[in-house]
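Asker: Handing you this structure, nothing more for now.
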Amino acid sequence: MDRFDTRDVTRIVVFAAILAVLGLPGAIPIGGPVPITAQTLGVMLAGAVLGAWRGATAVVIFLVLVLAGLPLLSGGRGGAGVFVGPSAGFLIGWIFGAFVVGLIVRLGGRRPVWWRTALGCFVGGALVVYAIGIPVQSMVTGLSIGRTAVTSAAFLPGDLLKTVAATIITMALWRAYPRAFGNPTRTRA
């Protein structure tokens, strides 16, 4: 892990704010205890743009603010209660998801390319988040893991769309402003 400089801290805080802003449109209920939100797009972008450690740090900062009671989650939710409810595992999964997105997208310190960005966003931003969220939701709701996984399948189309959006945004940002990705000497071609 590299040390964070002032620019890194600024970029991390900006992405924590982006996560908050993506909660403003609200949640889309799908008939289950966990709604569809745009905030997973922010998790994907944080990992893709900031890299593994910085992306995960942005998510941690965001979740600490939620834990402190700020209503930053979609639908204006916040406070310690969200970390014991059905979506708790998905929230914790965001940290690991952003980390995995960053690992894959920025593999070996390389610059982002579209296929690695799409792969990283889907694996980290969806599969890793599901791998943590589904068992916790199952435990909290008392439903079997199988049934919880089936109900969570309703998220897949939205997560595929968010993967496409995150890939397009990341690649456009890379072309327009590569400095947003950090120190160019730490990013190989």
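None of the figures in this text is laboratory data; all of them are computed from the coordinates on show. Predicted model, so just to flag it, every value in this text is computed and none were measured. Counting neighbours? That spans all protein chains shown, and the Cβs are built from the backbone with ideal geometry, glycine included.
Asker: Under the rule a/c < 1.5 gives rounded, and otherwise a/b versus b/c splits prolate from oblate, where does the stretch 91-132 land using the Cα gyration tensor?
Answerer: Because a/c hits 1.5 or more and a/b exceeds b/c, the stretch 91-132 counts as prolate.
Asker: Among ALA154, ALA52, ALA98, which one moves the most in a GNM of the chain with springs linking Cα atoms closer than 10 Å?
Answerer: Sorting by GNM fluctuation, first place goes to ALA154.
Asker: Once you put a point 7 Å from the Cα of LEU67 and another 7 Å from the Cα of VAL21, both along the Cβ direction, what distance in nm separates them?
Answerer: Each label point is offset 7 Å from its Cα along the Cβ direction, giving 2.6 nm.
Asker: Can you list which of the DSSP-assigned H helices in the chain have a Cα extent of 24 Å or more along the long axis and an average Kyte-Doolittle score of at least -1.0?
Answerer: 88-105, 156-176
Asker: What FRET efficiency would be calculated for the residue pair TRP114, ARG179, taking the C-beta separation as r and a Förster radius of 25 Å, to the nearest 0.05?
Answerer: It comes to 0.80.
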